[in-house]
Amino acid sequence: MIKHHEILKHEVTVTKEASFWRQLLVSPRFYFAFLFIQVFILATFISTRNFTNYDPMLVIKDQKVQEELFNNTGEHCLAWNTSEPAPETKCAIISPYLIGYRKPVISDEINWEDTLQKYNSVRCGGRFRPSNCKARQKVALLIPFRDRYEHLKIFIHHIHPFLMRQQLEYGIYIIDLDERIQFNRGLLLNVAFLEASKEFDYDCYIFHDVDLLPENDYNLYRCSDLPRHMSVAVDKFNYKLPYVEIFGGVSAMTKEQILFVNGFSNKFSGWGGEDDDMYNRLKFRHMTVLRSMNDVSKYTMLKHKQSPPNPKRFKLISTGMKRVGKDGVKNLKYKVMKRTDYPLYTYVKITL
Ligand code: NGS
């Protein structure tokens, strides 16, 4: 027989449990925790998702393109002769050859032989200077590279006529890293800057991702008194700036500006954060970042698989300002494994 006090004890327990659930359901903390978990799951999903249009055949295509691009080692291109006198007359501020907005045609059917033929006014190593006027700036295009041969082909095909129409004097540098070492965009851009400066005293250095194609040639590839962020409106982000501090994709700095902040940090291995750290370096040195209007700074991003983000990037960003003086372009040691002047670009592969 159940005793009276045992029934009471049972009722008290039931009431306690009910009140626990009632309290939980009315507690704002519960809803915050619930919301936090949902945001966390969503963020994890977004950060790991691939591009929907990613083509799994790309790896196989890439191997074929690699052979195509790197077979022609530049015996047939015209060497660059720095002593050749440049025309005296300065080129117009706005080149008369500009055509404005034109959505890039992305085709993997580009015939490389035709491309080489078509751009035969480009000198060995991907160097060019207008024949009828003196360019307003000498520009080095610095491209950190790993494995994206298909992209490189499309990019090179697109960028030469774009830069020529702007009447620039320029050189294109593709900087690759020993595959045993994890990709490091900041470090490769530092190397690219050093390697390009050894050759010429460029007025402007443009840090350029290989997967970004400018859509409007009024987006002038030049430097200003302050650093410039150029890839303001990328199709991937619906042609909107994703966040104000972004400095990735395409950006332009002079030698003085680069040296003033000691270039990029060399510590960001893997994807993400090195550009945010650069933004902090610029801010630290009281430099404002300039941007052009959205409609001229439009870019098409070539589809690719999202690289795994570096889990340490936020920690590195938060401690970055302590390292500016000792972690950058002035404190970088590397060895050149290969350097070749291909007809349409200079290729440099390094190891550490
Ligand atoms: C941010 C990254 C940046 C990167 C930007 C755009 O989240 O390095 O996305 O990347 N910052 C961090 O991860 C801290 S994009 O989608 O264009 O490749 O540049």
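At-a-glance table
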{"read-out": "Simple Cβ-charge dipole of the chain, Lys/Arg +1 and Asp/Glu -1, about Cα centre, in debye nearest 20", "value": "1280 debye"}
{"read-out": "Percent RCO, i.e. relative contact order, over the chain, from Cα pairs under 8 Å lying at least 6 residues apart", "value": "22 percent"}
{"read-out": "Potential lengthening between T351 and K283 on full extension [0.36 nm per residue; Cα-Cα distance subtracted]", "value": "21.4 nm"}
{"read-out": "Spatial extent of the chain: Rg and Dmax, with the Cα atoms as the point set, Å", "value": "26.3, 113"}
{"read-out": "Label-point separation, S224 to D108 (7 Å along Cα→Cβ), nm", "value": "3.9 nm"}
{"read-out": "The range 307-352 shape via C-alpha gyration tensor axes, a/c threshold 1.5", "value": "prolate"}
{"read-out": "Sites K305 and A33 - FRET efficiency at Förster radius 35 Å, r taken between beta-carbons, to 0.05", "value": "0.55"}
{"read-out": "Axial C-alpha extent at least 24 Å, average Kyte-Doolittle at least -1.0 - helices from the chain (DSSP)", "value": "4-26, 28-48, 149-165"}
{"read-out": "Within the range 226-330, chymotrypsin sites (Phe, Trp or Tyr not before Pro) in DSSP loop having at most 16 other beta-carbon neighbours inside 10 Å", "value": "Y239, Y243"}
{"read-out": "Percent antiparallel among DSSP beta bridges (both partners in the chain, rounded to 5)", "value": "45 percent"}
{"read-out": "Dipole in debye (nearest 20) - the range 122-169, about Cα centre, beta carbon charges: Lys, Arg +1; Asp, Glu -1", "value": "220 debye"}
{"read-out": "Helix-derived mean residue ellipticity, 222 nm - over the chain, DSSP H n ≥ 4, -39500 (n - 2.57), to 500", "value": "-11000 deg cm²/dmol"}
{"read-out": "For the range 92-100, 3J(HN,Hα) per residue [Karplus equation, 6.51 cos²θ - 1.76 cosθ + 1.60, θ = phi - 60°, Hz, x = Gly/Pro]", "value": "4, 4, 10, 4, x, 8, 5, 10, x"}
{"read-out": "Accessible surface of the range 54-351 [probe 1.4 Å, protein heavy atoms]: carbon and sulfur percent", "value": "53 percent"}
{"read-out": "The range 61-155: trypsin sites (Lys or Arg not before Pro) falling in loop per DSSP and having at most 14 other Cβ within 10 Å", "value": "R102"}
{"read-out": "Within-11-Å neighbourhood charge of P227 [Cβ basis; K, R +1; D, E -1]", "value": "+3"}
{"read-out": "Dipole of the chain [Lys/Arg +1, Asp/Glu -1 at C-beta], most positive-end residue of Q63, L187, P214", "value": "L187"}
{"read-out": "Shape of the range 229-352, Cα gyration tensor, a/c cut at 1.5", "value": "rounded"}
{"read-out": "Two-site FRET efficiency, N331 against W271, from Cβ-Cβ distance with R₀ of 25 Å, rounded to 0.05", "value": "0.60"}
{"read-out": "The range 261-337: trypsin sites (Lys or Arg not before Pro) in DSSP loop, at most 11 other beta carbons within 10 Å", "value": "K326, K333"}
{"read-out": "Whole-number accessible area per residue in Å² for the chain, which is evaluated in the context of all protein chains at 1.4 Å", "value": "55 Å²"}
{"read-out": "Area accessible to solvent at L116, 1.4 Å probe radius, in Å²", "value": "30 Å²"}
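The values are calculated or read from the model by the stated rules, or taken from the named source; none is laboratory data. Because the structure is a prediction, the values reported are computed rather than measured. All Cβ positions, glycine included, derive from the backbone under ideal geometry; neighbour counts span all protein chains shown. Areas reflect the complete protein model, heavy atoms only, side chains present, ligands, DNA and RNA absent. Shrake-Rupley method; radii C 1.70, N 1.55, O 1.52, S 1.80 Å.
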